[in-house]
Amino acid sequence: MTSGGLLTVRAQLHNGHLQDLEVILKRPSVTRLFIGQLPDAVVKTVPYLFTLCAHAQRAAAQAAVAVAQNEVPRATDSAELWVEVLHENLWRLLLDWPPALGLHSAKAAFIAWRNARQTDEFLAVTQSLLHDTLRPLAEKCLENLVGRTTEEVAPESDVPEMSELALLAPEPWLSYWQGIASEMPELPRPASIRSVFQARLAEVEVAALALANGTPFPIASAGGEGWGVAQTLTARGVLTHAVHVVDGKVANYRVQAPTDGFFADAGALSSLLENCRLASLDQAKQVLNQAILALDPCLPYVVELRDA
């Protein structure tokens, strides 16, 4: 999301289980800079402040501002949004997950794919990367993941598609933003580290097919009369932008990224770790880092783990 901020995760190992899990998420109040600004100026600024998934950030900002001002949102470049989803997912699946599971990364293949983004062969290169590199490497990752976390293997038919993973629903967020609903809409919690990994693989397949078919990128908005909420997808989940425009200027603005929901407390991490029995402090560190990687915070993090 942005380079500012820090996530701290604390836990202790007791009788083979991680206990007293604590999550501390610190972020700078970036959106307060938007207050008093013209809506178009905010839209232009958003991608420079929120550099991860910058295209999705801009698309959500544009849609939120447009619906708040009762305007038709600008057209978006669906291809660049699908490529962004592919880039962030492939970065994790090819560069970060393999070392976390004791395997070598596929750095060279990833760099070659990224260098081909502006070429006519990009779609073919993408399919080749998925077939020749990602799928075989993912099988090895899943084998090691099961062995390290002692989770049950979920059947392949249980792997959802992207449309089922992250449904866009801006209306409940609009009610919360306007003060009609007292509680923020809940974020679905993943069932296991393995299911998150499989879901990410499914997202890559869906995004690659959507890019090849020219499928419009999903963006949804709700609001009017000065209030606007828009949602779109990122590799980490649903991104929400909310704006309140008064007399032509931004009176309030909020960005709710997946990291904000997953690490608001220890609940999401705890749900990923509750079935894990750990033989040593080293294994506990490995599994805890895998769980954090599964939730994929968009800012740096530190782990503080002690043996009880």
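The values are calculated or read from the model by the stated rules, or taken from the named source; none is laboratory data. Just so it is clear, the structure is predicted and the values come from calculations on it, not from any experiment. Heads up, the Cβs are rebuilt from the backbone with ideal geometry, glycines too, and the neighbour counts pull from every protein chain shown.
Points worth noting:
- Filter pass, Ala199 being surrounded by 19 or more Cβ atoms within 10 Å (Cβ to Cβ), at negative phi, assigned to a helix (DSSP H, G or I) and within 16 Å of the chain's Cα centre (by Cα): yes
- Of the set (1) hydrophobic (A, V, I, L, M, F, W, C); (2) farther than 18 Å from Val83 by Cβ; (3) in contact with an Asp or Glu (Cβ under 8 Å, 6 or more places away or on another chain), all apply to Val206 but (2).
For every residue, the table says whether it meets (1) more than 22 Å from Leu52 (Cα to Cα); (2) assigned to a helix (DSSP H, G or I).
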{"position": "Val85", "(1), (2)": "no, yes"}
{"position": "Arg92", "(1), (2)": "no, yes"}
{"position": "Ser105", "(1), (2)": "no, no"}
{"position": "Ile111", "(1), (2)": "no, yes"}
{"position": "Arg117", "(1), (2)": "no, no"}
{"position": "Asp120", "(1), (2)": "yes, no"}
{"position": "Ala124", "(1), (2)": "yes, yes"}
{"position": "Gln127", "(1), (2)": "yes, yes"}
{"position": "Leu130", "(1), (2)": "yes, yes"}
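- Criterion (at pLDDT 90 or above and over 20 Å from the mean Cα position of the chain (by Cα)) met by exactly one of Glu274, Glu304: Glu304
- Subset of the stretch 12-55 that is in contact with a strand residue (DSSP E or B) (Cβ under 7 Å, 6 or more places away or on another chain) and of a type in the set (Val, Ile, Thr) - its residue that is surrounded by the most Cβ atoms within 10 Å (Cβ to Cβ): Val42
- Out of Ala251, Ala291, Ala279, one residue alone is out of contact with any Cys (no Cβ under 9 Å at 6 or more places or on another chain), of a type in the set (A, V, I, L, M, F, W, C) and either in a strand (DSSP E or B) or under 13 Å from Val23 (Cα atoms) (or both). It is Ala251.
- In the stretch 85-98, the residues that are within 20 Å of Leu288 (Cα to Cα) and modelled with pLDDT of 95 or more form Cβ pairs under 8 Å with partners that are small (Gly, Ala, Ser) and surrounded by fewer than 21 Cβ atoms within 10 Å (Cβ to Cβ), at six or more places apart or across chains, as follows: Leu94/Ser105; Leu94/Ala109; Leu95/Ser105; Asp96/Ser105; Pro98/Ser105.
- Val287 loosely packed, with under 15 Cβ neighbours inside 10 Å and under 28 Å from Glu186 (Cα atoms): no
- Complete set of residues in the stretch 233-248 that are of a type in the set (Gly, Ala, Ser), under 30 Å from Val303 (Cα atoms) and part of a strand (DSSP E or B): Gly237
- Complete set of residues in the stretch 56-78 that are touching a residue at least 12 places away in the same chain (Cβ under 8 Å) and surrounded by fewer than 20 Cβ atoms within 10 Å (Cβ to Cβ): Gln69, Asn70, Pro73, Arg74, Thr76, Asp77, Ser78
- For the stretch 103-138, filtered to residues that are in contact (Cβ under 8 Å) with a residue 24 or more places away in the chain, among the hydrophobic types (A, V, I, L, M, F, W, C) and closer than 26 Å to Gln286 by Cα, the residue that is surrounded by the most Cβ atoms within 10 Å (Cβ to Cβ) is Leu134.
- On the stretch given as the stretch 281-308, residues that are over 19 Å from Pro99 (Cβ atoms) and not hydrophobic (A, V, I, L, M, F, W, C) total 3.
- The residues on offer are Thr31, Thr45, Thr8, and the sole one that is of a type in the set (S, T, N, Q), assigned to a helix (DSSP H, G or I), touching a residue at least 40 places away in the same chain (Cβ under 8 Å) and farther than 20 Å from Glu88 by Cβ is Thr31.
- Matching residues, the stretch 202-219, being within 17 Å of Arg236 (Cα to Cα) and not in a helix (DSSP H, G or I): Phe217, Pro218, Ile219
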